[in-house]
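Right, one structure below, let's go through it.
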Amino acid sequence: MLNKIQNLNYLLIFLVILISFIGAAGLYSAAGGSYSPWASRHLIRLTFFIFLAVILALINIKFIYQFAYIFFILSLLLLLSVELIGVFGKGATRWINILGFSIQPSELIKITIILALARFYHDLKFDQIKRIKNLFFPILILFLPFILVVIQPDLGTALSIAMLGILILFASGIRIWKFVLGFFVLILSIPLSLNYLQPYQKDRIFSFLNPEADALGRGYQLIQSKIALGSGGLTGKGFLEGSQSYLQYLPEKQTDFIFTLIGEEFGFIGTMFIIILFLLLISVCFYISIKSNHIFGRILSIGVGSNLFIYVIMNISMVSGLMPVVGIPLPLVSYGGSAMLAIIISLGLVLNAELNGNLKKLHNA
Amino acid sequence: MFYSDEKKQYSVLNRRTFLLYLLKVSFFSIVGWRLYNIQIKDSQKYKTLSKNNQIDVEIIYPLRGKIYDTNKIVLASNIKVFDVYIIPENTKNINKSLNELNQIIKIDFSDRLKIIELSKKVKKFEKIKVLENINWSQLEKIESNKLNIEGIFISQDYMRTYQFDNTVSHLIGYTNKPNQEEVELPFISNMPNLEIGKDGIEKSFNPYLIGKSGQREIEVNSFGRVIREISRKDSQKGDDIQVTIDLRIQQYALNLLKEHKAGSAVLMDIKSGNILCMASTPSYNPNKIIQKPNKKYWDSVLENELSPLTYRCIQGLYAPGSTFKMVVAIAGIVHGVIDTNTKHFCNGKISLGERLYHCWKSNGHGSMNVSNAIKESCDVFFYEISKKIGIDKIAKVAEDFGLGKIYDVPLPNQKKGIIPSRDWKKKKYNESWYPGETLISAIGQGFVLTNPLQLAVMTSIIASNGKNIQPNIIKQNKEIEFEKLEKYENAIKIIKNSMFKVVNESKGTAYNSRSELAPFAGKTGTSQVRRITVAERESDDFRKKEVEWKKRDHALFVGYMPVQKPRYAVSVVIEHGGSGASTAAPIAKEIFQFTKNLET
């Protein structure tokens, strides 16, 4: 036990804490130089979640392996219950209250998707992977939560689930041509899916294509976040000196647009620093994956790293105008418990996978 | 078999992991490149946009300068007015607040609906104007109830006000929002909402009265809410202006004039050229033009056929009638056509060519010298001498005495009038001058047109023994010495003596208006507004008959006071007043007496 604690990957933990602290600094600034309401709670959550992640790292990986599908089914039920509350209750919702925590099941489901896929490919013999019928189960694992999230409607999360699935399937060795085929199916389905989009989601996509045309409407967020980033320049305006957020030009500055606030106050150097920290964190995940002696650990680590990657890339692309504003937070930096919990717990699983990397057999049988 | 399979699987996994990692690094690079473009390459552009986001420049309007009369009595100033606003975010129920306000001051139901409609459209912290220019007592009622009415906001503003309503309205003018052309004027270029002078002194002195705008830079957030003031440069109050008008005389004269439909009275200080009174009736109330809504009042002013907006003292043109005879007599003396002994016999008319020229006294004055001709206003005498003087010489003298010109006083829209001459007629009608026209001109009829200010200036020049007096409306501290036209001095002395007789000797046309209190000299004038037909003339009593107001003659009087060392010169014109002796001279007398009383 003590041995395990000694062998924890402290670089990973350090990176998580460092990034979260940068987040806390941003939240402190977003509140106009105050710990309340965001920064203090952000740090309290961080402490609690790190503790949770370490515990998760120390439990037996066999247990996690065995319950992988159960976890998935449980989180799927949670997601479904949100839908049902949404249908029978008062309007759409993404949140569910568990033990006083407001939790977004759609964040949790990404972790259990990773677990379920990791177990599936761990169990599957390598020569079986190429069989078409063995695609059915992974696609089902992805499709069910995807559909549930789409009808919420949460375009960003749905997209990130789809991307997560594609990356994991790619990592696990599915033939390239299947991706090419899948890609064409996707392209062909775009016009169809447009019909099912909510009007506000259509607006977002169209405003992304031409933000300046609607400077005070949908394109407004995008222009303002670009102004915040751009006016930061190389070194930024200085901590607490960002006028864009202070003057409330930045929308959702404490959540999805926190990166622009940091970009305004710390400049290009600040944004690059965060990007490099995230790249390092992802690299650690990949390093653990390569080191792992079992497929479960490998897929798990790659999945968690990819999940993190998707968050980061989607968020930064979104605020810098590379993709439509879809509502994805920047993990560990943005204010919000669910995403932070999901990311830190999933990294706890990676820590676990590293500690148990040498195990050959995960079955108890 | 199993072992090699596993090995193969791991090598595939390693390869895929590596590819995936490459993909991620390249994605990170794309994002990094994007941030480089925004934060480094285009940074300047975004910095500018960021600045524009925050800083708003607000203009602080200056307070308009005051206008005083010669004794520092305020004629135009600014009063505090109060506007009542409602701020939607400060009230839970805007409808309730408006209803409560309505119980204090009535607000039309439709206006209340409009305000509620508007409150849904504007930002919730934006104030909406509910009432404008409320007075003190209304303000007091609101103030005492303010705590009970949610969301009410009272702001203070200034409104131009004229203390004496219509007494000096023509001279002072009024202010209003600039029209499209006026917005381009240099002194208001950055203050589009500034009220500017539209007429009179207010207009002439816009650049002085307006002052200088200030500005404050304010930081605003994305909703336009003011966060803080960055810098402030206060506005500079406009300069005050003191006019030469003596409000007491002005008020007094206007009251005299008000007994008639239309007319004017000008009183000048001969020494300085200062205009002490320049009253014109009918006049208008500038306060009613400023206070909105003013449409009803505007329409009534514009529809009034007596045209209350016309400043008759400078814009009313009248044939001077017999008041012009001094000019002709002086021309006769200066050019050696007559002297004090020259006599002409008046039998009521003379003939020139095929036409008869009548004297106002149809049975004639008998033998007349220049003194009596002025005293009794004999027309025939002037017909006779004008034939010898000629129109051009008369015109030259008239101009020397201030007629037919626009003065260099800051009064907009002065009308020049006409002093006819051969050249003038050639230019104007391309016709040569007929001798008969000289005769008509010599009694101040025909082409001759003057405004009342010109007549007052003419009288001042006569009274001062020929000083080239220029009228002045702005009070100045420096003494002004006017140059003397020496060549007229002797002639003027003769004429002044005659003007004394007009008022102070029996048979003088203004003898009935003589004053013991304030002895004055002068000359009556009665100017025809239409040609009198032969039939009318033969009916003998055509002057006594009640004729339609519009067809009656204009009544004029010019004069100066005191007789020795004259100090004041007056001109009174009553439109369609009948005769100068009966209507205009009594007013001149009253004004002189009132002015005399003020001195002691």
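Laboratory data are not the source of any read-out in this text; all were calculated from the coordinates shown. Everything quoted here is computed from the prediction, not taken from an experiment. Every residue, glycine as well, gets a Cβ built from its backbone with ideal geometry; the counts of neighbours run over all protein chains shown.
Rounded to the nearest 5, the antiparallel percentage of DSSP beta bridges internal to the protein assembly as shown is 95%. Only aspartates and glutamates eight or more places from residue A:361 in sequence, or on another chain, were considered; those with a Cα closer than 18 Å are A:123, B:5, B:6.
Principal axis extents of the Cα atoms in the range B:145-297, from largest to smallest and rounded to whole angstrom, are 63, 40, 28.
Computed from the C-beta positions of residue B:511 and residue B:340, the FRET efficiency with R₀ = 25 Å rounds to 0.70. The distance between label points at residue B:105 and residue B:465 comes to 6.3 nm (points 7 Å beyond Cα on the Cα→Cβ vector).
Taking amide H atoms as placed 1.01 Å from N in the peptide plane, list the residues 5 or more away in sequence, or in a different chain, whose amide H sits under 5 Å from that of residue B:576. Residues meeting the criterion, in which the H sits 1.01 Å from N, are B:554, B:555. Treating r as the C-beta distance of residue B:34 and residue B:148 and R0 as 45 Å, the FRET efficiency rounds to 0.20.
Note on residue B:51 and residue B:479: the model spin-label points, each 7 Å out from Cα along the C-beta direction, lie 5.9 nm apart. Each label was represented as a point 7 Å from its Cα along the Cα-to-Cβ direction; for residue B:550 and residue A:36 these points are 8.4 nm apart. Lys and Arg at +1, Asp and Glu at -1: add these up for the other residues within a Cβ distance under 10 Å of residue B:425 and post the number. Surrounding charge for residue B:425 is +1.
Listed by chain and number, the aspartates and glutamates placed with their C-alpha closer than 18 angstrom to that of residue A:178 are A:127; residues fewer than eight positions away on the same chain are left out. Its alpha carbons considered, the range B:2-41 gives a radius of gyration followed by a Dmax of 17.1, 56 Å.
Relative to the longest principal axis of the Cα atoms of chain A, the long axis of helix A:258-291 makes an angle of roughly 10 degrees.
Mean residue ellipticity, 222 nm, helices only, chain A: the sum of -39500 (n - 2.57) across DSSP H runs of n ≥ 4, divided by residue count and rounded to 500, is -24000 deg cm²/dmol.
Each listed q (0.17, 0.23, 0.33 Å⁻¹) maps to a log10 I(q)/I(0) for the range B:555-597 from the Debye sum over equal C-alpha point scatterers, namely -0.43, -0.70, -1.09.
Under the rule that an exposed site lies in a DSSP loop and has at most 15 other Cβ atoms within 10 Å, name the longest stretch of chain B with no chymotrypsin sites (Phe, Trp or Tyr not before Pro) of that kind, not counting the sites themselves. Counting only loop sites that pass the neighbour cut-off, the longest clear stretch is B:224-541. Using just its DSSP H runs of length 4 or more, each adding -39500 (n - 2.57), chain B gives a mean residue ellipticity at 222 nm of -11000 deg cm²/dmol after division by all residues.
Largest first, the extents of the alpha carbon coordinates of the range A:2-355 on the three principal axes equal 57, 54, 41 Å. Give A:110/B:7; B:198/B:596; B:96/B:141 a once-over and call out the pairs whose C-alpha atoms are over 27 Å from each other. Where the Cα-Cα span goes over 27 Å, the pairs concerned are A:110/B:7; B:198/B:596.
With loop defined by DSSP as not H, G, I, E or B, and exposure as at most 15 other Cβ atoms within 10 Å, which is the longest segment of chain A clear of exposed trypsin sites (Lys or Arg not before Pro)? Excluding the exposed sites themselves, the longest stretch runs over A:176-359. Pairs over the 19 Å Cα-Cα cut-off, from the set B:261/B:550; B:212/B:233; A:226/A:253; A:291/A:360: not a single one. GNM remark for chain A: springs join alpha carbons under 10 Å apart, and the peak mean-square fluctuation among A:77, A:117, A:46 falls on A:77. Amide H contacts of residue B:130: B:84, B:85, B:86, each under 5 Å away and 5 or more positions distant or on a separate chain (H built 1.01 Å from N in the peptide plane; Pro and chain starts excluded). Scanning residues 5 or more positions from residue B:161 or on other chains, those with amide H under 5 Å from its amide H are B:77, B:78, B:79, with H placed 1.01 Å from N in the peptide plane. For chain B, the average shadow cast by the Cα convex hull is 46.6 nm², which is a quarter of the hull's surface.
Computed with the Debye formula from one identical point scatterer per Cα of the range B:247-599, without solvent, the log10 of I(q)/I(0) at q = 0.10, 0.15 Å⁻¹ comes to -0.57, -1.31. Helices assigned as whole DSSP H runs in chain B whose Cα atoms extend at least 30 Å along their own long axis and whose mean Kyte-Doolittle hydropathy is -1.0 or higher are found at B:2-36.
The stretch between residue A:51 and residue A:63 holds 2.4 nm of extra length on full extension. This uses 0.36 nm per residue minus the Cα-Cα distance. Bridging of residue B:288 to aspartates and glutamates at a Cα separation below 20 Å is possible for B:83, B:132, B:157, B:165, B:195, B:199, B:202, B:299, B:303, B:305, once same-chain residues fewer than 8 apart are set aside. Computed from the C-beta positions of residue A:131 and residue A:18, the FRET efficiency with R₀ = 41 Å rounds to 0.40.
Over the Cα atoms of the protein assembly as shown, the radius of gyration divided by the Kirkwood radius equals 1.33; this is the Rg/Rh ratio.
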